[in-house]
Amino acid sequence: MKIRQLLVEIATPNTIYDEIINNLITPNFHLKPELISELAIGFLQNEKKVDLAIKEKYFTYYFIRAAKNQIHSKTSGFHKNTRIKDNIYYDNMEIVDESDVELKEEKELKLLKIDRAYTQIPKTYFQEFIWHEYYSKGKTYRQIAKENEGAFSHCLAFHEVAKIKKLLKEKI
């Protein structure tokens, strides 16, 4: 089976791969096309490994690992393209009709709590800078580090954001 035929099968509804994505991997069905797209890119970039997995009959396992890695890795293409879920300002409720006044009020209260807590926690100028670049401008950790000419690593940017998130959760 050629890799392109396999990609068509992965993208086809009601196949074993569709069932794996729906039942085992992600409940976010609206993100399924993005996940399939990132998997396809990865498989095409690693054709030799995919061909070996098909030939040695462990492709289903390879598919599951690749999909889980896309979803759970903070550096995967899927995560970078859908990382709004990681944003603490994102409302974790399901997408609903925005005309619902009660839900709008609840969302606004949540954002106010976060903003109030953010002003009350101690933070350095560097932490504020990283926070602003990451959440307000939507940059990745790697972009932030690269734009600052390698003055710090992307890992340091990640840890600074994580520290602030931890403080916010404790405050709220």
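Throughout, read-outs are computed from the coordinates displayed, never taken from laboratory work. Every value quoted in this text rests on a predicted model; they were computed, and no experiment measured them. Glycine gets a Cβ as well: all are built from the backbone with ideal geometry, and neighbour counts include every protein chain shown.
For the range 3-84, give the magnitude of the charge dipole about the Cα centre (Cβ charges: +1 Lys/Arg, -1 Asp/Glu; no others), in debye to the nearest 20.
Roughly 320 debye for the range 3-84.
Extension gain Lys80-Ile54, at 0.36 nm per residue separation less the Cα-Cα distance, in nm?
Taking 0.36 nm per residue and subtracting the Cα distance, the gain is 6.5 nm.
Between Phe126 and Leu31, what length in nm is gained on full extension when 0.36 nm per residue of separation is reduced by their alpha carbon distance?
30.9 nm
How far apart, in nm, are two points set 7 Å out from the Cα along the Cα-to-Cβ line at Glu147 and at Leu44?
My value for the distance between the label points is 2.9 nm.
So, R0 is 30 Å and r is the distance between the beta-carbons of Asp115 and Lys137; what FRET efficiency does that work out to, to 0.05?
Given R0 = 30 Å and the Cβ-Cβ separation, E is 0.95.
When you count, for each residue, the other Cβ atoms within 10 Å and take the mean per peptide, how do 42-49, 70-77 rank with the highest first?
70-77, 42-49
In the neighborhood of Tyr58, defined by Cβ-to-Cβ distances under 13 Å, what is the net charge if each Lys or Arg adds +1 and each Asp or Glu adds -1?
+2
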